[in-house]
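Structure first, commentary second.
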Amino acid sequence: MKTTAIRKQMTIHPEVMDVLNEQIAMEMHASASYLAMASWCDQRELLNSKSFFYKQAEEEREHAMKIFEFINDAGGAAVSPEVHNVNNDFESLRDIYERSLEQEINVTQSIYKCFKKARSVDDYASELFLQWFVNEQVEEEDTMRSILDVFDLMEGMPLKMIDERLPKE
Ligand code: FEO
């Protein structure tokens, strides 16, 4: 009886669980958004960008799943989110990468919010878990900024030529 009670004890703080569930929704939205970008690139035979965004879509889903499993492992209740308002309308390839950077910056701010919440309620396990995401966001923002630098350097060049200089993943 006693061991059952111990096993069922929730280690995640309820307020942290709430912000992490919001984060799951945000990561799934990012995944859907990257999928829309992949489709735009795929239709225009922009092969590197197409692969890049399909990969990003997968990675964002992995991020969501990482948080999802963490919440349940920590005795909380992960919620499968609804994903709304996915934009499928883009002006250009540059517009897509600019939106991607903006999206990553918003995700970073949201991760910081989760991190701060975990710290403020002394939820050390969640704080340590979130460290990985803090580092991941540094990399993701850096990738998007580097790609936008390529656009600046190659301004006026044909789109396919620019695409060939961009990373596939
Ligand atoms: Fe999971 Fe790119 O943020």
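The values are calculated or read from the model by the stated rules, or taken from the named source; none is laboratory data. Since we're looking at a predicted model, the values are computed, not measured. Glycine gets a Cβ as well: all are built from the backbone with ideal geometry, and neighbour counts include every protein chain shown. Ligands, DNA and RNA are excluded from the accessible area calculation, which covers all protein heavy atoms including side chains. Shrake-Rupley method; radii C 1.70, N 1.55, O 1.52, S 1.80 Å.
Converting phi to 3J(HN,Hα) with the Karplus coefficients 6.51, -1.76 and 1.60 and the offset θ = phi - 60°, region 24-41 yields 4, 4, 5, 5, 5, 5, 4, 4, 5, 5, 5, 5, 4, 5, 4, 5, 4, 5 Hz in sequence order, with x at every glycine or proline. Classified by the C-alpha gyration tensor, the chain has a prolate form. Its axis ratio a/c, with a ≥ b ≥ c, is 1.5 or above, and a/b is larger than b/c. Taking Cα atoms only, the orientation of helix 124-153 departs from the longest principal axis of the chain by about 10 degrees. Checked against a 26 Å cut-off, the cross-linked pairs 50/117; 66/113; 66/116 give Cα-Cα distances beyond that limit for 50/117. Taking amide hydrogens as placed 1.01 Å from N in the peptide plane, the amide H of residue 78 sits under 5 Å from those of 72, each at least 5 positions away in sequence or on another chain.
Helix-only arithmetic for the chain: the sum of -39500 (n - 2.57) across DSSP H runs with n ≥ 4, divided by the residue total, places the mean residue ellipticity at 222 nm at -26500 deg cm²/dmol. Rolling a 1.4 angstrom probe over the chain with all protein chains present gives an accessible area of which 51% lies on carbon and sulfur atoms.
Students often check this: by mean Cβ neighbours within 10 Å, which of 20-30, 41-51, 152-162 ranks highest, and how do the rest follow?
Averaged packing, sorted descending, gives the order 20-30, 41-51, 152-162.
Over region 11-164, with the other protein chains present, what is the accessible area per residue in square angstrom, probe 1.4 angstrom? Here the residues of region 11-164 average 53 Å² of exposed surface.
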